[in-house]
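A short worksheet on the structure shown next.
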Amino acid sequence: MLLKLKKIFATDLVKVSSLTAVSTLVRVLTGFISAKIVAVKIGPEGVALLGQLNSFYLIVLSLSLGGISNGVIKHIAQYAGSEKKYGLFISTGFRITVIISAICGAVLIVGAHVFSKQYLDNTEYTPVFYVFGGTLILYAVNSLLMSVLNGFKEFKKYVTVNIAISVAGLLFTLILTQFFGIYGSLIALVTYQSVVLVITIAMVSKSSWFKLRLFFGRFSWTAARRLSKYSLMALVSAIALPLAQLIVRTYMIEHQTKENAGLWEGMNRLSGIY
């Protein structure tokens, strides 16, 4: 009986569940603290603007990844024993990620004035979109590396990066909101995930499979087509909820008040956390 229990606890499912529990606990705690401090510091109207940017942010992030993350995880896990095969998916996924995120970043920078007016109702926040566009590629590369870690079943490193993201989000939000108010909150939202790339690279570089040439190998159209099969499903599921929230919040701002929209966003954030 004891031997059977040891085997059960040694399975990937139990290991992942245990590590994920720790990551979730950290995310919940940092999320509650961040939401409380931001709400007190910038008020309901500020929370409404932060919610608008967050929904737009999630949509852009999903587009910048091209929806290939699940495909990268699946194929690396499938071919983990063959460097030649998984190398094609890493190099192809890397090129797709860099190209798409660079295009999305350029669109954000060029259209910063329009996006600021459209979604934040004020061109005062145009620099936020400049920063967002300039750091988007860092987020995209970080997400790709996390998918690779996931594919190789390096769960401890994967969870460590997720915890780092949660802590970085809290620290960035606390510091920037304290010194720069709502402007700081907006900047924190669009930058904190990008800076974690340093930690991710440090983790990945210690992996036995890591070779820099894997990311700069040849582009495979066959691998690209196989990855693209995951794109539509991933993009629709990732974009649908933020888009719906963006529409609802915009309607409330236009037909009621920013304060009401902020109260709705606050409730929405708390329910999302728990």
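The values are calculated or read from the model by the stated rules, or taken from the named source; none is laboratory data. Being a predicted model, the structure only gives us computed values, none of them experimental. Counting neighbours? That spans all protein chains shown, and the Cβs are built from the backbone with ideal geometry, glycine included. To get the accessible areas, we keep the full protein, side chains included, count just its heavy atoms, and leave off ligands, DNA and RNA. Shrake-Rupley method; radii C 1.70, N 1.55, O 1.52, S 1.80 Å.
Structure summary
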| item | result |
| --- | --- |
| Residue ID - least open to solvent (accessible area, probe 1.4 Å), chosen from residues in the stretch 80-102 that are more than 11 Å from A140 (Cβ to Cβ) and without any contact (Cβ under 8 Å) to a residue 12 or more places away in the chain | S82 |
| Failed item, numbered, when L214 is tested on (1) buried (at least 19 other Cβ atoms within 10 Å of the Cβ); (2) under 24 Å from G67 (Cα atoms) | (1) |
| Of all residues in the stretch 25-79 being among the small types (G, A, S), over 21 Å from T97 (Cα atoms) and over 19 Å from the mean Cα position of the chain (by Cα), the one that is surrounded by the fewest Cβ atoms within 10 Å (Cβ to Cβ) | G43 |
| Residues that are surrounded by fewer than 16 Cβ atoms within 10 Å (Cβ to Cβ) and of a type in the set (V, I, T), drawn from the stretch 252-274 | T257, I273 |
| From the options A168, A240, residue that is open to solvent by less than 80 Å² (accessible area, probe 1.4 Å) and over 22 Å from V131 (Cβ atoms) | A240 |
| Residues of the stretch 98-143 that turn out to be closer than 17 Å to L58 by Cβ and polar (S, T, N, Q), as a count | 5 |
| Pick from the stretch 145-159, criterion of a type in the set (D, E, K, R) and outside any helix (DSSP H, G or I), ranking: least open to solvent (accessible area, probe 1.4 Å) | E154 |
| For L174: the one exception among (1) touching an Asp or Glu at 6+ places or on another chain (Cβ under 9 Å); (2) surrounded by 15 or more Cβ atoms within 10 Å (Cβ to Cβ) | (1) |
| Odd one out for N142 among (1) open to solvent by 40 Å² or more (accessible area, probe 1.4 Å); (2) within 13 Å of the chain's Cα centre (by Cα) | (1) |
| Boolean, F132 is touching a residue at least 60 places away in the same chain (Cβ under 8 Å), aromatic (F, W, Y), surrounded by 22 or more Cβ atoms within 10 Å (Cβ to Cβ) and touching a Phe, Trp or Tyr at 6+ places or on another chain (Cβ under 9 Å) | yes |
